[in-house]
Amino acid sequence: DGGITQSPKYLFRKEGQNVTLSCEQNLNHDAMYWYRQDPGQGLRLIYYSQIVNDFQKGDIAEGYSVSREKKESFPLTVTSAQKNPTAFYLCASSMPENTEAFFGQGTRLTVV
Amino acid sequence: KQEVTQIPAALSVPEGENLVLNCSFTDSAIYNLQWFRQDPGKGLTSLLLIQSSQREQTSGRLNASLDKSSGRSTLYIAASQPGDSATYLCAVPSFNTGTASKLTFGTGTRLQVTL
């Protein structure tokens with residue numbers, strides 16, 4: 001089945017710790033995205049990548065980092081610099097612009 | 001900057017009722033508009049993508065319309081069922097060069113269909 005796989009489903013982070021969220025797609029899409037969802041707010045774009053070895057900051061990139069070493073994979077690292085990381089994180093992918101975006105099932109990150 | 005608004009924020013209807021969800025956007029220079037469904041604690045499921053050149057798009061009991069000039073889209077759900085209960089989100093891509101389409105989302109309409 002083609003789709004986007006995010007792991008883990010739930011993740012707990014201690015203060016001062018970096019954690020990495022995984023996103024893998026087998027749709028052969030060029031573009032991949034990371035969004036953050038908070039209660040009562042719309043999804044906000046963290047980072048996006050149009051092609052392997054290239055990525056761009058979105059609206060709320062501070063405290064996050066990404067890499068795009070393979071077309072299929074776009075991991076997101078939440079660093080200790082992110083002061084309020086508790087949220088639901090969604091990964092998406094699409095073909096070139098103006099086409100449908102597809103989303104994974106999300107990772108819920110909680111700071112403990 | 002594009003802003004997307006969805007009204008109402010929440011809606012409760014009895015089973016079998018036809019209903020309309022609204023989405024408005026401030027910048028009419030859009031390529032397309034996408035409607036999504038989100039179940040609690042889950043990711044987004046794409047329902048319909050309507051291109052800027054289209055006025056309507058249909059999938060089963062769902063019909064989406066787009067009026068670019070007025071900055072509005074509606075999602076019509078016919079003969080609603082309890083299984084339709086979810087949050088419905090609309091999103092438009094930022095006017096952007098290159099291959100990536102960054103989406104701006106509304107905050108969603110939470111729909112509950114009661115027996």
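Residue B:27 fulfils the conditions (1) modelled with pLDDT under 95; (2) within 13 Å of another protein chain (Cβ to nearest Cβ); (3) more than 14 Å from the chain's Cα centre (by Cα) except for a single criterion, (2). Conditions first: (1) within 11 Å of chain B (Cβ to nearest Cβ); (2) closer than 23 Å to residue A:16 by Cβ; (3) of a type in the set (S, T, N, Q). Residue A:41 passes all but one, so which condition is the exception? All conditions are met except number (2).
Every listed requirement among (1) more than 10 Å from chain A (Cβ to nearest Cβ); (2) touching a Lys or Arg at 6+ places or on another chain (Cβ under 7 Å); (3) touching a residue at least 40 places away in the same chain (Cβ under 8 Å) is met by residue B:72 save one, (2). With respect to (1) surrounded by fewer than 21 Cβ atoms within 10 Å (Cβ to Cβ); (2) out of contact with any Gly (no Cβ under 6 Å at 6 or more places or on another chain), the lone exception for residue A:36 is condition (1). Scanning the range A:72-96 for residues that are without any contact (Cβ under 8 Å) to a residue 60 or more places away in the chain and either within 12 Å of chain B (Cβ to nearest Cβ) or part of a strand (DSSP E or B) (or both) yields a total of 6.
Working only within the range A:48-66, note down all residues that are facing chain B (nearest Cβ under 10 Å) and in contact (Cβ under 8 Å) with a residue 24 or more places away in the chain. Once the filter is applied, which keeps residues that are facing chain B (nearest Cβ under 10 Å) and in contact (Cβ under 8 Å) with a residue 24 or more places away in the chain, the range A:48-66 yields A:49, A:58. Here residue A:46 clears all of (1) exposed (fewer than 15 other Cβ atoms within 10 Å of the Cβ); (2) of a type in the set (A, V, I, L, M); (3) under 23 Å from residue B:90 (Cβ atoms) except the condition numbered (1).
Checking each residue in the range A:97-112 for being assigned to a loop (DSSP other than H, G, I, E, B) and either within 7 Å of another protein chain (Cβ to nearest Cβ) or in contact (Cβ under 8 Å) with a residue 12 or more places away in the chain (or both) picks out A:97, A:98, A:100, A:101, A:104, A:105, A:106, A:112.
Residues in the range A:1-48 that are of a type in the set (Ser, Thr, Tyr) and closer than 14 Å to residue A:106 by Cβ: A:5, A:7, A:10, A:22, A:33, A:35. The residues of the range A:1-33 that are of a type in the set (Val, Ile, Thr) and surrounded by fewer than 17 Cβ atoms within 10 Å (Cβ to Cβ), listed by number, are A:5, A:20. The strands (runs of 3 or more DSSP E) found entirely in chain B that carry 1 or more residues being of a type in the set (Val, Ile, Thr) are B:4-7, B:10-14, B:19-25, B:44-51, B:56-59, B:72-77, B:86-93, B:103-105, B:109-114.
Across the range B:30-52, which residue is nearest to the other protein chains (Cβ to nearest Cβ) among those that are without any contact (Cβ under 8 Å) to a residue 60 or more places away in the chain and polar (S, T, N, Q)? Only one residue tops the list, namely B:46.
The values are calculated or read from the model by the stated rules, or taken from the named source; none is laboratory data. Being a predicted model, the structure only gives us computed values, none of them experimental. For neighbour counting, all protein chains shown are included, and Cβ atoms are generated from backbone atoms with ideal geometry for every residue, glycine included.
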